[in-house]
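Here the structure is laid out as structure tokens; the discussion comes afterwards.
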Amino acid sequence: MRGKEPLVTCDNCGRKMPRGKAVSWEKTIRFGTDPGSGSNVRFMSTRKVYYCISCAKHKGIFERKKEDAIRHAKKF
Ligand SMILES: [Zn+2]
């Protein structure tokens, strides 16, 4: 049987693809922002989302992942 891998949905365009082909990304979500000041963040949370390759490219996810890798490498 084909398609053993679970399908995930691209958070941006809604396209479905096997998880192995998707780009996972920790999306930061803010709750309780005050529209007046814009900086009064009460809660912050991350949610794991998936993007298809084209959306990941479009959103610069690969660049950001690279930056993260460099930052982590410097830390240790
Ligand atoms: Zn997409």
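The values are calculated or read from the model by the stated rules, or taken from the named source; none is laboratory data. Since this is a predicted model, take the numbers as computed values, not measurements. Because the Cβ atoms are built from the backbone with ideal geometry, glycine has one as well, and the counts that use them run over all protein chains shown.
Out of the residues in segment 1-31 that are part of a loop (DSSP other than H, G, I, E, B) and either among the polar types (S, T, N, Q) or out of contact with any helix residue (DSSP H, G or I) (no Cβ under 9 Å at 6 or more places or on another chain) (or both), which is surrounded by the most Cβ atoms within 10 Å (Cβ to Cβ)?
12
Inspect all residues belonging to segment 54-69 and state whether any of them is touching a strand residue (DSSP E or B) at 6+ places or on another chain (Cβ under 8 Å), within 16 Å of the ligand (Cβ to nearest atom), at pLDDT 90 or above and polar (S, T, N, Q).
no
Consider residue 14 against the criteria (1) of a type in the set (Gly, Ala, Ser); (2) within 16 Å of the ligand (Cβ to nearest atom); (3) at pLDDT below 85: it satisfies all of them except one. Which criterion is unmet?
(3)
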